[in-house]
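> Below: one structure in structure tokens.
The values are calculated or read from the model by the stated rules, or taken from the named source; none is laboratory data. Quantities reported herein were computed from a predicted structural model and do not represent experimental measurements. All Cβ positions, glycine included, derive from the backbone under ideal geometry; neighbour counts span all protein chains shown. Remember, those area values only see protein heavy atoms, side chains included, never the ligands or the DNA or RNA. Shrake-Rupley method; radii C 1.70, N 1.55, O 1.52, S 1.80 Å.
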Amino acid sequence: MTLAALMAHAALLWIGAAVLLGLAELLVPGVFLIFLALAAAIVGLAVFALPELPLLAQLGAFGVWSVVAVAIGKRWYVDYPVETSDPLLNDRAARMVGQTVVVTEAIVGGAGRVRVGDGEWPARGPNAASGARMRVTAVAGGVVEVEAV
């Protein structure tokens, strides 16, 4: 198929690309391809209205509309965040705050190690013997800050 033949059906190709990107959004986790699908649909409609629009202009319009759609989408999700039943799901450090941990390497001079779940973390806090139970108050720079229970 020649470039001229493809250009004759460019609007349908853009709409097809929009549909494929929309379907891919349903299959792939995340929220990004939908914005590219929107940009492709806008370019498809523009090519329906202006069938002689050169390929370079179509690609440029797709790039511009992609940036615009992503910017609008980003702003939307900042203004209207998605509600969740577990807001700390992907924030492991924040999930540790409040947990009771066991000192595995005595905390001397403010430094030692504690067992958190199935792993050990460097810890800062008051002096404590190995085996003592402590409570996590914060996590900063990969170091667990603890206090006596």
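> What does a probe at residue 88 reach in the stretch 123-144, counting residues whose amide N is under 11 Å from the point 7 Å along Cα→Cβ?
Residues 136-139 fall inside that zone.
> Give me the percent of accessible area attributable to carbon and sulfur for the stretch 2-111, probe 1.4 angstrom.
C and S atoms contribute 74 percent here.
> Please compute one quarter of the surface area of the Cα convex hull for the chain and express it in square nanometres.
Value for the chain: 13.7 nm².
> So, with +1 on the Cβ of K and R and -1 on the Cβ of D and E, and no other charges, what is the size of the charge dipole of the chain about its Cα centre, to the nearest 20 debye?
Computed charge dipole of the chain: roughly 300 debye.
> May I ask you to list the GluC sites (Glu not before Pro) in the stretch 64-149 that are in a DSSP loop and have at most 12 other Cβ atoms within 10 Å of their Cβ?
Those satisfying the criteria are 83.
> Give me the accessible area of residue 26, 1.4 Å probe, in Å² rounded to the nearest 10.
140
> Set Lys and Arg Cβ to +1 and Asp and Glu Cβ to -1, take the dipole of the chain about its Cα centre, and tell me which of 31, 100, 68 lies farthest positive.
100
> Now for a different question. Compute the accessible area per residue over the chain, keeping the other protein chains in place, probe 1.4 Å, unit Å².
Normalised by residue count, the accessible surface of the chain is 65 Å².
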